[in-house]
Amino acid sequence: MTQDPIIRIQGLNKWFGALHVLKDVNLDVHAGQKVVVLGPSGSGKSTLIRCVNKLEDFQQGEVTVDGHPLSRLKRLEPVRREVGMVFQQFNLFPHLTVLRNVMLAPIKLRGLSEAEARDRALTLLRRVGIEEQADKHAAQLSGGQQQRVAIARALAMEPKIMLFDEPTSALDPEMVGEVLDVMRGLATGGMTMLVVTHEMGFARDVADRVLFMDRGEILEDAPPAEFFRQPKLERTRTFLHRVA
Ligand code: ADP
Ligand code: MG
């Protein structure tokens, strides 16, 4: 049985002014797949995943998310409902409690009651191992803890797809592991994930596919074993030598 991909990117082209940042990108991601996106700085990784939740518009091609063609979408609500995103900077509300940060969107955007939102938030905070910090202000937490709260906050909207844009790049090294562990748990639970990261161990262990982007193009798309053993292009080898 074949299913339609949950994300379908076809002939996607995007420019920032004269700068051509995505060049005829095609990509299908099926439900439950974990796709890691690698590539040098400025290659278009962030722009690509931001097109999937309509944080960025595009000029040509189409991005279809769970059957919604984004170029024709009048309202953002269907995408925001289905696609969660975690950024390098956690973007929590620092003066609100951890619990409030996670409760906010489900109350405002999904119409949950206080009690429902609290239950859901506490369950998620337990899942990311941070339940006992629920009443602290977000700003009092370490970077790794804040990023775990940011993941819980995204999950509170019950997305079908989670996008991660270098979620551990702003963290002190000793906090990277705790965030990757939460992401591993999410992967095991069957979430569809599109992850920009430089964490090669995560790519090897968790990804079904590893993409290599350079200058706005997807140049490689292979299972990690194959990708790391024998990258097709010299450019990929050079990149891997630099980051390894
Ligand atoms: P990556 O995430 O791989 O580092 P980005 O997607 O952030 O790459 O950027 C791709 C290119 O687009 C870069 O040359 C970057 O400078 C440019 N760019 C990104 N965002 C903007 C923007 N808002 N306005 C103009 N140029 C941008
Ligand atoms: Mg980026």
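Below is a table of values for the structure above.
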{"item": "Any hit, the range 140-151, residues being under 23 Å from residue 29 (Cα atoms) and either at pLDDT 95 or above or within 16 Å of ligand 2 (Cβ to nearest atom) (or both)", "result": "yes"}
{"item": "Top-ranked residue of the range 58-73 - restricted to ones that are open to solvent by 30 Å² or more (accessible area, probe 1.4 Å) and without any contact (Cβ under 8 Å) to a residue 40 or more places away in the chain, ranked as nearest to residue 192 (Cα to Cα)", "result": "68"}
{"item": "The range 41-54: number of residues that are open to solvent by 30 Å² or more (accessible area, probe 1.4 Å) and within 10 Å of ligand 1 (Cβ to nearest atom)", "result": "4"}
{"item": "Failed condition for residue 169, given (1) open to solvent by 10 Å² or more (accessible area, probe 1.4 Å); (2) of a type in the set (S, T, N, Q); (3) more than 16 Å from ligand 1 (Cβ to nearest atom)", "result": "(3)"}
{"item": "Every pair of residues 6+ apart whose Cβ atoms lie under 7 Å, when the first sits in the range 148-171 and is closer than 20 Å to residue 198 by Cα and part of a helix (DSSP H, G or I) while the second is open to solvent by less than 10 Å² (accessible area, probe 1.4 Å) and hydrophobic (A, V, I, L, M, F, W, C)", "result": "148/128; 148/130; 148/179; 150/86; 151/86; 151/128"}
{"item": "Residue satisfying all of: in the range 32-74; under 14 Å from the mean Cα position of the chain (by Cα), closer than 21 Å to residue 202 by Cα and not in a helix (DSSP H, G or I); farthest from ligand 2 (Cβ to nearest atom) among these", "result": "32"}
{"item": "Checklist (1) surrounded by fewer than 21 Cβ atoms within 10 Å (Cβ to Cβ); (2) away from ligand 1 (no atom under 15 Å from the Cβ); (3) not charged (D, E, K, R) applied to residue 202, failing item", "result": "(1)"}
{"item": "Some residue of the range 190-197 being surrounded by fewer than 20 Cβ atoms within 10 Å (Cβ to Cβ) and of a type in the set (Ser, Thr, Tyr)", "result": "no"}
{"item": "So residue 12, is it more than 15 Å from ligand 2 (Cβ to nearest atom), part of a strand (DSSP E or B) and without any contact (Cβ under 8 Å) to a residue 60 or more places away in the chain", "result": "yes"}
{"item": "Where a residue in the range 84-108 is open to solvent by 50 Å² or more (accessible area, probe 1.4 Å) and its partner, wherever it lies, is within 16 Å of ligand 2 (Cβ to nearest atom), with Cβ under 7 Å and at least six apart", "result": "87/165; 88/165; 88/166; 88/167; 88/169; 88/170; 89/170"}
{"item": "Tabulated pairs, the range 116-140, first on the phi > 0 side of the Ramachandran plot, second open to solvent by 20 Å² or more (accessible area, probe 1.4 Å) and not aliphatic (A, V, I, L, M), C-beta under 9 angstrom, 6+ apart or interchain", "result": "129/145; 129/148; 129/178; 129/181"}
{"item": "Test: residue in the range 177-200 that is within 20 Å of residue 94 (Cα to Cα) and within 16 Å of ligand 2 (Cβ to nearest atom)", "result": "no"}
{"item": "The range 75-95 - residue that is in a loop (DSSP other than H, G, I, E, B) and closer than 17 Å to residue 124 by Cα and, of those, farthest from ligand 2 (Cβ to nearest atom)", "result": "92"}
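The values are calculated or read from the model by the stated rules, or taken from the named source; none is laboratory data. Please read these numbers as outputs of a predicted model, since none were measured by experiment. Note that each Cβ is placed from the backbone with ideal geometry, even for glycine, and that neighbours are counted across all protein chains shown. What goes into the accessible areas is simple: the full protein's heavy atoms, side chains included, and nothing from ligands, DNA or RNA. Shrake-Rupley method; radii C 1.70, N 1.55, O 1.52, S 1.80 Å.
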